Amino acid sequence: MSKPKVNQELCIGCGTCEALCPEMFKVENGKSQVIGENCEKAGCDCNEAVTSCPVSAISME
């Protein structure tokens, strides 16, 4: 079971992750938050969000 983690210090709140996987990410107060339990349940490719983040703020646990 994989779950993404957002480094709040690096996140710039661009919304790329939310656009790619709205079931797992939501931008609130200028930072991305993980809202889903895991990528498999959400049915999205969290690895795409990891590689698409312009500041490399997302990692997988």
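Read the figures in this text as sums done on the coordinates, not as results from a lab. Because the structure is a prediction, the values reported are computed rather than measured. Cβ atoms come from the backbone with ideal geometry, glycine included; neighbour counts cover every protein chain shown.
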Looking only at the range 25-59, which residues are touching a strand residue (DSSP E or B) at 6+ places or on another chain (Cβ under 6 Å) and of a type in the set (A, V, I, L, M)? Val34, Ile35, Ala49, Val50, Ala57, Ile58
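For the range 13-58, enumerate the residues that are of a type in the set (Ser, Thr, Tyr) and surrounded by 13 or more Cβ atoms within 10 Å (Cβ to Cβ).
Within the range 13-58, Thr16, Ser32, Ser52 qualify.
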With the requirement that a residue be surrounded by 15 or more Cβ atoms within 10 Å (Cβ to Cβ) and assigned to a strand (DSSP E or B), what does the range 1-12 give you? Pro4, Val6
When you scan the range 20-35, do you find a residue that is in a loop (DSSP other than H, G, I, E, B), closer than 15 Å to Pro54 by Cα and of a type in the set (A, V, I, L, M), even just one? no
